[in-house]
Amino acid sequence: MAKFKIMSWNVNGIRACTRHGFLEWLQTEKPDVIGLQETKAHIEQLEEEVLSPNGYESYYFSGVRKGYSGVAFYIKKKFPIVKVTNGLGKKIFDDEGRTQILESEDFILINGYYPNGGRDHSRVDFKLDFSRAMLKKALALKKKTGKEIILTGDFNTAHHEIDLKNPKSNKKSTGFLPHERVFLDELLEAGFVDIFRETHKDEPEHYTWWTYRMNCREKNVGWRIDYVYVTEGLRDKVKKSFHRPEVKGSDHCPIGIELKF
């Protein structure tokens, strides 16, 4: 019987998050794998203690532009990896360092930092193109390997009104535009399960991101924009789905699932 804790966290800068206790938290939480988003760093900018914390190996994929975007995996050394690959194979997306794929013996985990649509909505089309390319890649991997898929990361979209504190005033804001939300419908139609919402049904006020302004985190005025989606074959393997809103260090909180095979 194998048990795994799989987590995700938009750290909004790994160097800043490290100053606020990331490494100590990692040793306390002990995920088997955590996918990070918005690392904002190249490996030559990071200390050895950040790159190789006790018991873990890290894999970074950074964008061309320094101080922007970037994803990383931290994986326990005993975890059964088949391989880790970077990117989707499309330069327009991969230049921004937004995707990593971990194939294990039991499943495939895709860590994604989905683009922000921009206040002026200028990047919404790019965001949706990236999102659909991710879905296409996930389905192709499932077909090719026969393994179940986990899609996790910062999707930068709240799906339903229950997923943000102020839905009515954000109808025209990126992150809650109707055509952005449609993509999350498409994920469900493709056979993915929003496992946190399935296990927390109609429970309100579960958020993963809070603006730094106006004490929004203290007031829990937030958005649920970070997700773990799993294919149907993993639905019954997920024994727990959780958020860690008490964990600071970023404007997002860590999220995760516990799997049992």
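Quick look at the numbers
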read-out: Residue satisfying all of: in region 54-90; farther than 24 Å from Leu135 by Cα and either touching a strand residue (DSSP E or B) at 6+ places or on another chain (Cβ under 7 Å) or of a type in the set (A, V, I, L, M, F, W, C) (or both); surrounded by the most Cβ atoms within 10 Å (Cβ to Cβ) among these; value: Tyr56
read-out: In region 1-36, residue nearest to Glu96 (Cα to Cα) [restricted to those that are in contact with a strand residue (DSSP E or B) (Cβ under 6 Å, 6 or more places away or on another chain) and assigned to a loop (DSSP other than H, G, I, E, B)]; value: Val11
read-out: The one condition in (1) more than 18 Å from Tyr113 (Cβ to Cβ); (2) in contact (Cβ under 8 Å) with a residue 40 or more places away in the chain; (3) of a type in the set (Ser, Thr, Tyr) that Ser8 fails to fulfil; value: (1)
read-out: Entirely in region 47-122, the strands (runs of 3 or more DSSP E) that have 1 or more residues that are without any contact (Cβ under 8 Å) to a residue 24 or more places away in the chain and within 20 Å of the chain's Cα centre (by Cα); value: 56-61, 81-86
read-out: Extreme residue, surrounded by the fewest Cβ atoms within 10 Å (Cβ to Cβ), among residues of region 210-244 that are within 23 Å of Phe107 (Cβ to Cβ) and among the aromatic types (Phe, Trp, Tyr); value: Phe242
read-out: Selection from region 146-181 of residues that are among the aliphatic types (A, V, I, L, M), in a loop (DSSP other than H, G, I, E, B) and either under 17 Å from Asp226 (Cβ atoms) or free of Cβ contacts under 8 Å to residues at least 40 places away in the same chain (or both); value: Ala158
read-out: Check on Thr39, within 20 Å of Pro245 (Cα to Cα) and part of a helix (DSSP H, G or I); value: no
read-out: Selection within region 187-202 - under 20 Å from Ile108 (Cα atoms) and more than 18 Å from the chain's Cα centre (by Cα); value: Glu189, Ala190, Gly191
read-out: Residue check, Thr211 of a type in the set (Ser, Thr, Tyr) and closer than 14 Å to Ile150 by Cβ; value: no
read-out: Residues of region 190-225 classified as in contact with a Cys (Cβ under 8 Å, 6 or more places away or on another chain) and within 28 Å of Lys142 (Cβ to Cβ), total; value: 1
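Every number here is computed from the coordinates shown, using simple stated rules; none is lab data. Please read these numbers as outputs of a predicted model, since none were measured by experiment. Here the Cβ is made from the backbone with ideal geometry for all residues, glycine too, and neighbour counts use every protein chain on show.
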